[in-house]
1. What ranking of LYS139, LYS386 emerges when the number of other C-beta atoms within 10 Å of each C-beta is taken as an exposure proxy, fewest first?
2. If one takes the longest principal axis of the Cα atoms in the chain, at what angle in degrees, from 0 to 90 and to the nearest 10, does the Cα axis of helix 411-429 lie?
3. Roughly speaking, what is the centre-to-centre gap between region 17-32 and region 146-218 when only Cα atoms are used, to the nearest Å?
4. In whole percent, what relative contact order does the chain give with Cα contacts below 8 Å and a gap of six or more residues?
5. Given R₀ = 22 Å, what would the calculated FRET efficiency be for LYS495 paired with THR458, taking r from the Cβ atoms and rounding to 0.05?
6. When each pair of different Cα atoms in the chain is counted once in the 1/r mean, what is the Kirkwood radius in angstroms, to one decimal?
7. Would you list which lysines come within 29 Å of LYS312, measuring only between C-alpha atoms, while excluding same-chain residues fewer than 8 positions from it?
8. With axes computed from alpha carbons, what is the tilt in degrees of helix 231-245 against the longest principal axis of the chain, rounded to the nearest 10 within 0 to 90?
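None of the figures in this text is laboratory data; all of them are computed from the coordinates on show. A quick note: this is a predicted structure, and the numbers were derived from the prediction, not measured. Reconstructed Cβ throughout: ideal geometry from the backbone, glycine too, with neighbour counts over all protein chains shown.
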Amino acid sequence: MKKLFIDYHPKRVCVAMTENNELKEYYAEKASRPKIVGNIYKGRVVNTLQGMKAAFVNIGLEKNAFLYAGETLVDKNSLGEGALKMPQKLNVSPGDCIMCQVVKDYFGTKGVRISQNISLPGRLLVIMPQTDYVGISHKISDEKRKEELLNLVRENCPEGVGFIVRTAAQNAANEDIIKEMGKLVSKWKNILESFKSARDGDVVYEEGDLIFRTIRDILDADIEKIVVNSPFIARDLKEKFTEIYGDREVVELYKGTESLFTYYNLQSQISKLVKRKVTLKNGAYIVIDKTEALTVIDVNTGKYVGENDLEKTFLNTNYLAAEEIAKQLRLRNIGGIIVVDFIDMELAESRKKLLAAFEKELKKDRVRTSKPVMTTLGLVELTRKKTRSSIYDLLLEECPYCQGDGYVFSEEYVIMRIREAVMNLISDEDPMSVIVTVNPDVFNKLFTLRYLERECLTIWKGKRIYIIPDPLTHREKFSVTTSNEKVLTLPENAKLLY
């Protein structure tokens, strides 16, 4: 039983899909940074890289976009028959004005990637107006229906225009498919007209907001209910769904005082999506670490001791891990290179079963994912297509203290820095008293282990050194001041060093 929840706010839109009350997909979009994948621009070529079959194009964004030959939004691996071949040469020169479509969003410091191979998705079809290829999703398994759909599209397809039949078309009426073909062709004609009058860097077609894209891409007959907290969006969706579901009531307006995601027990599940450690049903766990180049996932048995048969215990844990990893890749939208360190198993047959089970779970993903392979080191490698921002980019920002390192200086190291600062001050000023303000954790470590006892007995002998714990001081920070007054006014928690 699938349900869709739409939490609308003028500054941010979040969409969650559940199956049997378990979070399966989650998407969010900030108003300050809307998704631009799928948008079509009028760009001007800045320079070309013939050796790489690539070019940089100014499309009006902060950074020039990267154009590479052969790229397209269409997932060529999702087509069941034939081979969709894209041009492998760029016939552009610096100064040329071109129509281009964003195929990859910003990632870290990298700019967007664009393509000249335009494609426009609908709910049932994808139009490729610059090629005469007709293909069909390999997820449609009924061969008879597949042939019917291909013949239907070929018979009604305008000359020189290509289409791909999407999975949702399998249960759609032929009339609806033909109707959508007409709409997509009209949309393409409007884009051509907009391009003629557009200026360099102008957007000639926008893909639509998160709600529109979600409804178009994942809505099917399995969706039992759509719950939304905005009366305006609820009204628009009800009007749109009348042609899909008829009189069936699908859209429900949430009127509660609690937040939508809290009421339906989604917020707690969403908050866990940024945690490194994910516990499995049997007490084992996986650890997900993201780096600049790849994502590494480690599988551990944890508290699970299993049965007498160690091989079977490891295999069962790896099965659960494979299921959870595939789910986390979708939920977190992790893309790029992924390396998984499953629990080592001795039998080749066990490893073969694990790879087959993992591949089966990965096929549930709507985003293109490569077939997992095991390396000679026993690691499983795969790739997942990057299209939009990951959950980390949406929910997190760089730590202002460690600048993304994920670590802070140890208490011992901070104490050594305090030692150095006090030594320098005494050497330069020779004061009667030194006052050091530190974090309480550093304060406790300083007195518990008596780190600076030797200095107090030798080079600092006769000096009054006071330590003040301050909970508002960051653990890496401290302040050192001096005084030559005989009487000092200090907080009650100030303590003389040894």
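1. Working: LYS139 13, LYS386 19.
The most exposed by this proxy come first: LYS139, LYS386.
2. So the inclination is approximately 50 degrees.
3. Cα centroid of region 17-32 versus Cα centroid of region 146-218: 26 Å apart.
4. Rounded, it is 11 percent for the chain.
5. Numbers: r = 20 Å, r/R0 = 0.93.
So the FRET efficiency works out to roughly 0.60.
6. On the way: mean 1/r = 0.0365 Å⁻¹.
One decimal place: 27.4 Å for the Kirkwood radius.
7. Partners within reach: LYS24, LYS275, LYS277, LYS281, LYS303, LYS327, LYS352, LYS353, LYS360, LYS363, LYS364, LYS371.
8. On a 0 to 90 degree scale, this one is about 40.
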